[in-house]
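Student: The structure that follows is given in the form of structure tokens.
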2 protein chains.
Amino acid sequence: MSEITSASAYASQLGLSARAAAELLPAINGARKNAWLERVAELLVERTADLESANEQDLAAAVEAGLSSAMIDRLRLTADRIRALADAVRQIIALPDPVGELVSGGSRPNGLQVSRVRVPLGVVFFIYESRPNVTIDAAALCIKSGNAVILRGGREALHSNLALGSILRDALRHEGLPEHAVQLVESTDRALVGEFLARGDLIDVTIPRGGKSLIERVCREATMPVIRHFDGICHVYIDESADVQMATDIVVNSKCQRPGVCNAAETLLIHRRALERVWPSVAGELSTRGVELRCCADSLPFASGAISASEEDYRTEHLALILNVKVVESLQDAIAHIRTFGSAHTDAIVTESVAAAGQFETLVDSSAVVVNASTRFNDGGELGLGAEIGISTDRFHARGPCGLQELTTYKYLIRGTGQTRG
Amino acid sequence: MSEITSASAYASQLGLSARAAAELLPAINGARKNAWLERVAELLVERTADLESANEQDLAAAVEAGLSSAMIDRLRLTADRIRALADAVRQIIALPDPVGELVSGGSRPNGLQVSRVRVPLGVVFFIYESRPNVTIDAAALCIKSGNAVILRGGREALHSNLALGSILRDALRHEGLPEHAVQLVESTDRALVGEFLARGDLIDVTIPRGGKSLIERVCREATMPVIRHFDGICHVYIDESADVQMATDIVVNSKCQRPGVCNAAETLLIHRRALERVWPSVAGELSTRGVELRCCADSLPFASGAISASEEDYRTEHLALILNVKVVESLQDAIAHIRTFGSAHTDAIVTESVAAAGQFETLVDSSAVVVNASTRFNDGGELGLGAEIGISTDRFHARGPCGLQELTTYKYLIRGTGQTRG
């Protein structure tokens, strides 16, 4: 009982502090928010050794716990990755301040001046797993967009996140920004998450980023809107007319460049008439990279060491060097497969045919539809959003990578000279 | 048990039919959607007598059930209102088709062409109460924005809605559009609503519009995103510098022009230094209109027939000719009252001071902040959206009146020439 009370009191305390910070943040101008970002970038590089040693504790625990190599890769903070993180923060500095941006405006026939201006969402509760760099990306995006954020990382990354949290807080103090604009939940007790999800009065939006069971739980319990980030079951479809080298490069990059992330490809679809011409080259290159191929009966004979795919494989986000392969009879078959088995995240076509590219773009309704490029480009940084707090798989107003704009809402300003409604 | 099964089967049947229609709608061009709207407008006028007689049945039942006069007013369909409804449909014809609209676009340093284009949300489940004209507005907006819609109106309006539903369906058939693009739930069994809310696999968004208990229930049970439409506890604040005539006109219009709707004013705040100069005129005009005034101790003596306001009054959406009145010491006090007692829906200031107007606009964070005009203008039609399916009181991506744009999402199109990620 006293534990429940204290969990509830802890959630209230963080929520109230966040709300107080959120009332101050909209009035803080872009220059001051950018000074904070610059300070964060500096501290990241200055404290590389501290971060690496905190991260070592998490990695050691992860190895002991027998986490998969993909999970351990996601967890790792190297000096290179820390530098990249500081660079990512500086890219956010370069982006325009979304707060106060005029979304639309004009005058009505009765003389009313109507405009919509961007305002922050308010207080964001962000729940995520594993990758500690997400801590920095999320805080940077939230503060730049005028939101207070409560960060709840995974237990696997707790030491890394505490070290990163100190940097964020020290930078807030250094720049005179509200100290509680960024708060880290210092316990990874799962019941505590429920206390936050119950506080729709204090938290404006929850963004869960992690496994399906986490997101399902959040959707069930949340009393505020949720930006959902479900599976990435992403496809590359090699069309009849595909160029062999381009197809090979795109499939290899989509699968292998970082297999543990949501926009990596899980399934390759090949037009039957491209099978003999394209598949041996693609299969050979994938085998060289150590990719386990799970093939349909028609693609199996061409790939040495491949095994048979089950229907379940086509519904699975492997997050590892495993690729499902299936031969389809037509572009329409490929689209039907994507609709049935995909998660509407990222789907690519490799084709030389403008008609096929157009049909694929029209009929595939995923958050990103890619023609002749890697699925890995469905990413806030790569699409020019600076960074992302997640990729929304909801068919809702924020879809795909969520960056600064997706962390704002708007209000209408209606300016009159005494107008009344007739 | 068999009832449960049949409720669940009914929800599945409507959901699957809607989904099938939703797959066809994005490919239907704007001209065909507009032809459907024109046909709906024509049928509304042609069938005025039928509609009035169906509506009479609902009105008779409402009188018998002892519904409030505000509720009965909301329910009533007159020939004038039907003509206005047809006009509103024709206004939607004049709006640009949102589907396929380019939201943003450009090229990335690596040569990728990135664009975002609007696509429909998919299948909308719309739950609403009382006003039958909402049936037409909602269907018109959903179809124009390429969505299939399942309409679940209130039991009070069932006969009216069935007559309107026939018009919508006959027009779909007449124009060769998917017949199940608009479906009316023909039972007002409340348990049935739960069956629809469980079908996040078939329905993309639920929009509840009605009382607080309805919306709370929907938020609790929905397995898909929800656009929430909570109370409109709207304020008019008469600033120290307000013009007497303008203040009187705006308060009277905000309260009386249609008291049963969400953007009607519920509370009047008056700066103490405007009390003697402005309040007698405002109070006199309100009394003439039959408005019951519930006053604080300071405003009470100036208004004949007024009664004392309770704290609960300030938290109540009366939806009737009742107005709470409170004297405040300053603009800051007014803003603090609005933050504490308001619902962040629509709040207005009457002032001659540019500084006061600016502060009010910055510090009041409601879906619409109004300067020197009636609160009644926070309405999709009045703001140029054509019409609205609801007013979102969420601090989320769609806020305030939701029209065509708010019924769409977008997808990213990424066009390359073989790019891979390094």
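The values are calculated or read from the model by the stated rules, or taken from the named source; none is laboratory data. Source: prediction; values computed, not measured. Don't worry about glycine lacking a Cβ; one is built from the backbone with ideal geometry, like all the others, and counts go over all protein chains shown.
Student: Can you tell me which residues in segment B:373-422 are of a type in the set (S, T, N, Q) and under 12 Å from the mean Cα position of the chain (by Cα)?
Tutor: First pass over segment B:373-422, keeping only residues of a type in the set (S, T, N, Q): B:374-375, B:378, B:392-393, B:405, B:408-409, B:417, B:419-420.
Across segment B:373-422, the qualifying residues are B:Asn378, B:Ser392, B:Thr393.
Student: Then there's this: Report yes if B:Met224 is among the aliphatic types (A, V, I, L, M) and under 30 Å from B:Trp279 (Cβ atoms), otherwise no.
Tutor: It is false that B:Met224 is among the aliphatic types (A, V, I, L, M) and under 30 Å from B:Trp279 (Cβ atoms).
Student: Within segment A:392-404, which residues are more than 17 Å from A:Leu121 (Cα to Cα) and more than 8 Å from chain B (Cβ to nearest Cβ)?
Tutor: Within segment A:392-404, A:Thr393 is the sole residue that qualifies.
Student: Could you say whether any residue in segment A:227-246 is buried (at least 18 other Cβ atoms within 10 Å of the Cβ), within 18 Å of B:Glu221 (Cα to Cα) and modelled with pLDDT of 90 or more?
Tutor: Yes: segment A:227-246 contains one or more residues that are buried (at least 18 other Cβ atoms within 10 Å of the Cβ), within 18 Å of B:Glu221 (Cα to Cα) and modelled with pLDDT of 90 or more.
Student: Only one residue in B:Val114, B:Val99, B:Val123 is within 13 Å of chain A (Cβ to nearest Cβ) and surrounded by 24 or more Cβ atoms within 10 Å (Cβ to Cβ). Which one?
Tutor: B:Val123
Student: Same structure again: Only one of A:Val114, A:Val103, A:Val124 is under 16 Å from the mean Cα position of the chain (by Cα), farther than 23 Å from A:Thr48 by Cα and not aromatic (Phe, Trp, Tyr); which?
Tutor: Details: A:Val114 fails: under 16 Å from the mean Cα position of the chain (by Cα); A:Val103 fails: under 16 Å from the mean Cα position of the chain (by Cα).
One residue alone meets the criteria, A:Val124.
Student: Okay, moving on. Please determine whether any residue of segment A:20-38 is buried (at least 20 other Cβ atoms within 10 Å of the Cβ), more than 24 Å from the chain's Cα centre (by Cα) and modelled with pLDDT of 95 or more.
Tutor: Scanning segment A:20-38 turns up at least one residue that is buried (at least 20 other Cβ atoms within 10 Å of the Cβ), more than 24 Å from the chain's Cα centre (by Cα) and modelled with pLDDT of 95 or more.
Student: Here's something else I'd like to know. Name the residue, out of B:Asp365, B:Asp313, B:Asp379, B:Asp298, that is of a type in the set (Asp, Glu) and touching a residue at least 60 places away in the same chain (Cβ under 8 Å). Quick ask: steps written out before the conclusion?
Tutor: Numbers: B:Asp365 fails: touching a residue at least 60 places away in the same chain (Cβ under 8 Å); B:Asp313 fails: touching a residue at least 60 places away in the same chain (Cβ under 8 Å); B:Asp298 fails: touching a residue at least 60 places away in the same chain (Cβ under 8 Å).
Being of a type in the set (Asp, Glu) and touching a residue at least 60 places away in the same chain (Cβ under 8 Å) holds for just one of B:Asp365, B:Asp313, B:Asp379, B:Asp298, which is B:Asp379.
Student: Then there is this: For segment A:13-83, please list each of the helices (runs of 4 or more DSSP H) lying entirely inside it that holds at least 1 residues being among the aromatic types (Phe, Trp, Tyr) and in the same structural domain as A:Gly154 (by TED's automatic domain parsing).
Tutor: A:30-46
Student: Follow-up. If a residue has to be surrounded by fewer than 23 Cβ atoms within 10 Å (Cβ to Cβ) and either within 12 Å of chain B (Cβ to nearest Cβ) or not basic (Lys, Arg) (or both) to count, how many in segment A:205-217 make the cut? Before the answer, list the steps.
Tutor: First, pick out the residues of segment A:205-217 that are surrounded by fewer than 23 Cβ atoms within 10 Å (Cβ to Cβ): A:210-217.
Next, from what is left, pick out any that are either within 12 Å of chain B (Cβ to nearest Cβ) or not basic (Lys, Arg) (or both): A:210-211, A:213-216.
Total meeting the criteria: 6.
Student: Restricting to strands (runs of 3 or more DSSP E) lying wholly in segment A:315-422: which have 2 or more residues that are modelled with pLDDT of 95 or more?
Tutor: Passing ranges, in order: A:322-328, A:346-350, A:368-373, A:408-419.
Student: Related question: Within segment A:158-202, how many residues are of a type in the set (A, V, I, L, M, F, W, C) and in contact with a Gly (Cβ under 6 Å, 6 or more places away or on another chain)?
Tutor: Total satisfying the criteria: 2.
Student: Here's something else I'd like to know. Collect the residues in segment A:299-312 that are in contact with a Ser or Thr (Cβ under 8 Å, 6 or more places away or on another chain) and part of a helix (DSSP H, G or I), keeping them in residue-number order.
Tutor: Matches in segment A:299-312: A:Leu300 only.
Student: Could you say whether any residue in segment B:63-85 is modelled with pLDDT of 95 or more and in contact with a His (Cβ under 9 Å, 6 or more places away or on another chain)?
Tutor: No, that holds for no residue.
Student: Which one of the conditions (1) part of a helix (DSSP H, G or I); (2) among the β-branched types (Val, Ile, Thr); (3) out of contact with any Ser or Thr (no Cβ under 6 Å at 6 or more places or on another chain) does B:Val282 fail to meet, given that it meets all the rest?
Tutor: (3)
Student: In addition: Picking from B:Arg173, B:Arg209, which residue would you name as being over 30 Å from A:Thr420 (Cβ atoms) and of a type in the set (Lys, Arg)?
Tutor: On the way: B:Arg209 fails: over 30 Å from A:Thr420 (Cβ atoms).
Exactly one of B:Arg173, B:Arg209 is over 30 Å from A:Thr420 (Cβ atoms) and of a type in the set (Lys, Arg), namely B:Arg173.
Student: Okay, next question. Considering each of B:Val282, B:Val261 in turn, give the residue that is touching a residue at least 24 places away in the same chain (Cβ under 8 Å) and touching a strand residue (DSSP E or B) at 6+ places or on another chain (Cβ under 8 Å). Step through it out loud before you land on a result.
Tutor: Numbers: B:Val261 fails: touching a strand residue (DSSP E or B) at 6+ places or on another chain (Cβ under 8 Å).
The unique qualifying residue is B:Val282.
Student: Checking A:Ile391 against (1) buried (at least 23 other Cβ atoms within 10 Å of the Cβ); (2) over 24 Å from A:Gly260 (Cα atoms); (3) of a type in the set (A, V, I, L, M), which single condition isn't satisfied?
Tutor: The single condition A:Ile391 does not satisfy is (2).
Student: Here are B:Gly211, B:Gly176: which of them is of a type outside the set (Lys, Arg), at pLDDT 95 or above and more than 17 Å from B:Gly15 (Cα to Cα)?
Tutor: B:Gly176
Student: Here's another thing I want to ask about it. Working only within segment B:340-376, note down all residues that are more than 8 Å from every other protein chain (Cβ to nearest Cβ), β-branched (Val, Ile, Thr) and in contact with a Gly (Cβ under 7 Å, 6 or more places away or on another chain).
Tutor: B:Thr346
Student: Let me ask something additional. Please find, among A:Ala344, A:Ala303, the residue that is without any contact (Cβ under 8 Å) to a residue 40 or more places away in the chain and assigned by TED's automatic domain parsing to the domain that holds A:Gln245.
Tutor: From the options A:Ala344, A:Ala303, the qualifying one is A:Ala303.
Student: Can you tell me which residue within segment A:127-153, out of those that are under 17 Å from the mean Cα position of the chain (by Cα) and among the small types (Gly, Ala, Ser), is nearest to A:Asn34 (Cα to Cα)?
Tutor: Across segment A:127-153, the extreme among qualifying residues is A:Ala140.
Student: Considering each of A:Ser104, A:Ser115 in turn, give the residue that is in contact (Cβ under 8 Å) with a residue 60 or more places away in the chain, more than 28 Å from A:Thr223 (Cα to Cα) and either among the polar types (S, T, N, Q) or not assigned by TED's automatic domain parsing to the domain that holds A:Asn29 (or both).
Tutor: Working: A:Ser104 fails: in contact (Cβ under 8 Å) with a residue 60 or more places away in the chain.
Of A:Ser104, A:Ser115, the one residue that is in contact (Cβ under 8 Å) with a residue 60 or more places away in the chain, more than 28 Å from A:Thr223 (Cα to Cα) and either among the polar types (S, T, N, Q) or not assigned by TED's automatic domain parsing to the domain that holds A:Asn29 (or both) is A:Ser115.
Student: Taking the residues in segment A:377-388 that are within 10 Å of chain B (Cβ to nearest Cβ) and surrounded by 24 or more Cβ atoms within 10 Å (Cβ to Cβ) as candidates, determine which candidate is nearest to A:Ile215 (Cα to Cα).
Tutor: Step by step, filter segment A:377-388, then rank; the result is A:Asn378.
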